[in-house]
1. Each residue of the range 108-114 in turn: what ³J(HN,Hα) in whole Hz from Karplus with 6.51, -1.76, 1.60 and θ = phi - 60°, glycine and Pro shown as x?
2. Can you give the Rg and Dmax of the range 1-40 based on its C-alpha atoms, in angstrom?
3. Can you pull a Stokes-Einstein diffusion coefficient for the range 8-72 at 25 °C (0.890 mPa s), Rh from Kirkwood over Cα pairs, as a whole number of µm²/s?
4. Run lengths n ≥ 4 of DSSP H only: what is the helix-derived mean residue ellipticity at 222 nm for the chain, with -39500 (n - 2.57) per run over all residues, to the nearest 500?
5. Semi-axes of the equivalent ellipsoid for the range 32-117, please: Cα gyration tensor eigenvalues, times 5, square-rooted, ordered largest first, whole Å.
6. Using 17 Å as the cut-off for backbone N distance, which residues of the range 17-40 belong to the label zone defined by a point 7 Å from the Cα of E82 along Cα→Cβ?
7. Quick one: dipole size for the chain, taken about the Cα centre, charges +1 on Lys/Arg Cβ and -1 on Asp/Glu Cβ, in debye to the nearest 20.
8. Just name one of G144, I62, L128: the one whose Cα is farthest towards the positive end of the charge dipole of the chain (beta-carbon charges, Lys/Arg +1, Asp/Glu -1).
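A short reminder: the numbers here are calculations on the coordinates, not readings from a lab. Note that this is a predicted model, so its numbers are computed, not measured. Cβ sites come from the backbone with ideal geometry, for glycine too, and all protein chains shown count toward neighbours.
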Amino acid sequence: MDTNGKSRTKRKNEDRALKMLGQELMDLSAEQLQNIDIPDEILDAIRFARKITRHGARRRQIQRIRALLRDADVESIQNSLETIKHGDNRQTLAFKKTENWRDELKEGNRALIEEILGICPDAERQRLTQLARNANKEYLSGKGVKFSRILFRYLSRISNSLSFSKSDEE
């Protein structure tokens with residue numbers, strides 16, 4: 001045992017976890033990385049590591065990031081990462097739900113219009129009906145996707161304030 005009272009195995013496991021955290025941070029986009037409260041020194045080390053192409057040098061830089069993370073508030077960084085992951089999942093679910101609505105309306109499901117009007121307070125019945133009718137005509141004739149795209153954009157706009165859960169996907 002060392003002076004901190006931690007066994008060698010526990011220290012190694014913590015180091016592996018910090019290495020994985022550093023790797024996850026390196027995989028984030030620059031925009032996502034800006035949204036996390038990370039000390040500037042770690043942020044600079046991550047940016048530098050992304051530029052490195054040589055395996056050995058990259059490995060050493062990841063070790064440096066791991067060492068810097070030992071002194072950082074790892075719990076808040078992990079919470080921010082979870083928020084980013086869940087936010088991405090919600091966006092994906094909303095996109096899929098909007099796609100499903102568009103496809104059903106395009107194929108002629110008029111009953112869905114009433115459901116959408118009940119769910120989305122910003123929806124305009126006349127506009128939605130018109131777009132669905134035009135997309136359906138276009139779908140049946142097989143000529144282009146112009147109205148289908150317009151319908152999708154409209155559905156995205158009226159549903160942007162909704163939060164979709166996994167049960168809504170079905």
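1. With coefficients 6.51, -1.76 and 1.60, one gets x, 7, 6, 5, 5, 4, 4 Hz.
2. Every Cα atom of the range 1-40 included, Rg and Dmax give 14.2, 42 Å.
3. Values: Rh = 12.1 Å.
For the chosen part, D equals 203 µm²/s.
4. On the way: 8 runs with 126 residues, N = 170.
One gets -24500 deg cm²/dmol as the mean residue ellipticity at 222 nm.
5. On the way: eigenvalues 387, 50, 14 Å².
That gives 44, 16, 8 Å for the three semi-axes.
6. 17-18, 21-22, 24-25, 36-37
7. Working: 34 positive and 27 negative charges, 186 e Å.
Value, rounded to 20: 900 debye.
8. Result: I62.
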